[in-house]
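**Q** This is the structure, below, for whatever I ask next.
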Amino acid sequence: MQFVGTFWALVPPIIAITLALITKEAYSSLFIGVVIGALFACDFAPVATIDMIVNDGIIAAIADNAGIFLFLVLLGIIVALVNLAGGSAAFGRWAEKNIHTRVGAQLATFILGILIFIDDYFNCLTVGSVMRPVTDRHQISRPKLAYLIDATAAPVCMIAPISSWAAAVSSTAEDLDTGISGIQLFIRAIPYNFYSLLTFVFIITLTLLKFDYGPMRGFEERARNTGDLSGSAGSTEENANPKGRVIDLVIPVIMLIILCTIGMLYVGGFFGADTSGCTDYAGDFIGAFGNTDAFVGLPWGGIIALVLTVVYLVARKVITFQQAMECVPKGFVAMISPILILTLAVSLKAMINSLGAAAYVQDLMFSASNFLYSLLPAVIFLVACVLAFASGTSWGTFGILIPVVTAVFPTDSPLLIIGISACCAGAVCGDHC
């Protein structure tokens, strides 16, 4: 095991990142990173390497993330239902009458992203499907729309106490010796999460000043001058359901938000018992959210929301039951790409962990703490950026770094909260990169 606990543990993600930047293709780049990581972990033994890739990598990634995969598919089906019912197209018609400028369309995208704070996957899927017709009409390029959506989704989840990200951070910190609960630690860290907060300022400033730079400027100029949106598949209203109304979009979205919140509270024990039989958080809203498992709570709410959405749309007679069922495979197909990327990213993380990357990074952090104590939050931010970017998972970054932060800083140190904030902000930054 000559590669374990050394710089070699970081080589697989470095290779995956480099290949992704060169080839602009994520699937093969991530898979090659997984293969190299497995080769290092197994000392280049071929049979053991294949076994590790299949069992410890891909199968384990699918098993551990089955809940979020299910939630993604449920979201895809609900989006397909809303689109088929004409809800998104109806919102587009309403927006056409009420949003008259490119600035207004971009601000509306940002505001809608702020309002959907429960989960970043849900945020991206919902805001993307709702705002795409609106931004297309105002000749806003697809890359700019993608940037506005993604730059809002993770930061708003990172500063919202009621979100899957808050649950991930608080559950990671819950059993650590910090003197306060995980959710309290998360809430106290919010004001110092400068990356997330300043990202909002950056989006608003770029929008109001009508300023773009780098490759984005080229995409935007091409969209304005030629109508080439770089990825547009044409109008999303060509076959729009004329029976659709804005309420056919609003009601499913509201139901999903409410039911996912209830699902996360239920799993966390708010209503008397969570999935592990704990009753300590009965009636404790904040405690239940800190105790919840988003990978269970989100599908819990998503399944009920899907059933109610089908019942509502069929009862409204905007679609038939048969058409609703045809949306099931459509929603699954729409989610294949993120499911594949997430599977490979988590598999890569498993390879990195097997090589002792966490211990290697932790040793570097403790070494730095001897002479860079006051600057450690900045170091933590940079390390979190690199880990999130390399592993493809912000939540995995929390799991690695938050225990390190609590070990480095004593519970009475003001730098503890700053360090947690830096970890959270760096994870979002790496996610964005």
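**Q** Per residue Cα convex hull volume for the chain, in cubic angstrom? If you can, show how the numbers build up before the last one.
**A** Details: hull volume 66.8 nm³, N = 433.
Output value, Cα hull per residue: 154 Å³.
**Q** Could you tell me whether the stretch 2-61 comes out rounded, prolate or oblate from its Cα gyration tensor? Rule is a ≥ b ≥ c as square roots of the eigenvalues, rounded for a/c under 1.5, then prolate if a/b exceeds b/c, otherwise oblate. Before the final figure, lay out the partial values.
**A** Details: a/c = 2.25, a/b = 1.31, b/c = 1.72.
Cα axes put the stretch 2-61 in the oblate bin.
**Q** Net charge near residue 230, counting Lys/Arg +1 and Asp/Glu -1 over other residues with Cβ under 9 Å of its Cβ? Please report the intermediate quantities before stating the final value.
**A** Working: positive: 142, 222; negative: 228.
Counting the neighbours of residue 230, the net charge comes to +1.
**Q** Okay, moving on. Give the lysines whose C-alpha is closer than 17 Å to that of residue 210, dropping any in the same chain fewer than 8 places away, or say none.
**A** Of all the lysines, those that pass the test against residue 210 - Cα under 17 Å, at least 8 places apart if same chain - are 144.
**Q** Taking DSSP loops as anything outside H, G, I, E and B, show the longest stretch in the chain free of GluC sites (Glu not before Pro) there with at most 12 other beta carbons within 10 Å. Mind showing how you got there, number by number?
**A** Working: sites that count: 25, 238.
My reading of the result: 26-237 is the longest stretch.
**Q** Can you pull the percent of the chain's accessible area that's carbon plus sulfur, 1.4 Å probe, other chains left in place? All intermediate terms of the calculation are to be shown ahead of the outcome.
**A** Details: 12730 of 18760 Å².
Within the chain, the accessible surface is 68 percent carbon and sulfur.
**Q** Whats the longest run of the chain with zero trypsin sites (Lys or Arg not before Pro) that are DSSP loop and have at most 12 other Cβ atoms within 10 Å?
**A** Details: sites that count: 24, 210, 317.
With trypsin sites (Lys or Arg not before Pro) excluded where exposed in loops, the chain gives 25-209 as its longest stretch.
**Q** Another question, then. Accessible area per residue, 1.4 Å probe, Å², for the stretch 294-388: what's the number? The partial results should precede the final answer.
**A** Values: 4450 Å² over 95 residues.
Heavy-atom SASA per residue in the stretch 294-388 reads 47 Å².
**Q** Could you order peptides 414-422, 192-200, 81-89 by the average number of other Cβ atoms within 10 Å of their residues, highest first?
**A** Details: 414-422: 21.3, 192-200: 18.0, 81-89: 25.8.
So the peptides 414-422, 192-200, 81-89, ranked by packing, come out 81-89, 414-422, 192-200.
**Q** Can you tell me the length gained on complete extension of the stretch residue 176 to residue 197, counting 0.36 nm per residue apart and subtracting the Cα distance?
**A** Working: separation 21, 0.36 × 21 = 7.56 nm, distance 2.65 nm.
Full extension from residue 176 to residue 197 adds 4.9 nm.
**Q** On C-alpha positions alone, give me the angle between the axis of helix 215-226 and the longest principal axis of the chain, in degrees, nearest 10.
**A** 10
**Q** Would you list, by chain and number, the lysines whose Cα falls below 23 Å from the Cα of residue 243, excluding same-chain residues fewer than 8 positions away?
**A** Cα-Cα hits under 23 Å: 97, 317, 330.
**Q** Oh, and also: Post the alpha-carbon centroid distance, the stretch 18-48 to the stretch 65-100, in whole angstrom.
**A** Each part's Cα centre sits 35 Å from the other's.
**Q** Add +1 for every Lys or Arg and -1 for every Asp or Glu among the other residues with Cβ under 9 Å from the Cβ of residue 243, and state the total. Please list the in-between numbers first.
**A** Details: positive: 245, 316, 317; negative: 248.
Once all neighbours under 9 Å are counted, the net charge is +2.
**Q** Could you check which residue among 272, 113, 244 shows the biggest mean-square fluctuation in a GNM of the chain with a 10 Å Cα cutoff?
**A** 272
**Q** Over the chain, what relative contact order in percent results from Cα pairs under 8 Å that are six or more residues apart?
**A** Working: 670 pairs, mean separation 107.1, N = 433.
It rounds to 25 percent for the chain.
The values are calculated or read from the model by the stated rules, or taken from the named source; none is laboratory data. On a predicted model such as this, the values are computed, not experimentally measured, just so you know. Because the Cβ atoms are built from the backbone with ideal geometry, glycine has one as well, and the counts that use them run over all protein chains shown. Note: areas computed on protein heavy atoms with side chains; ligands, DNA, RNA excluded. Shrake-Rupley method; radii C 1.70, N 1.55, O 1.52, S 1.80 Å.
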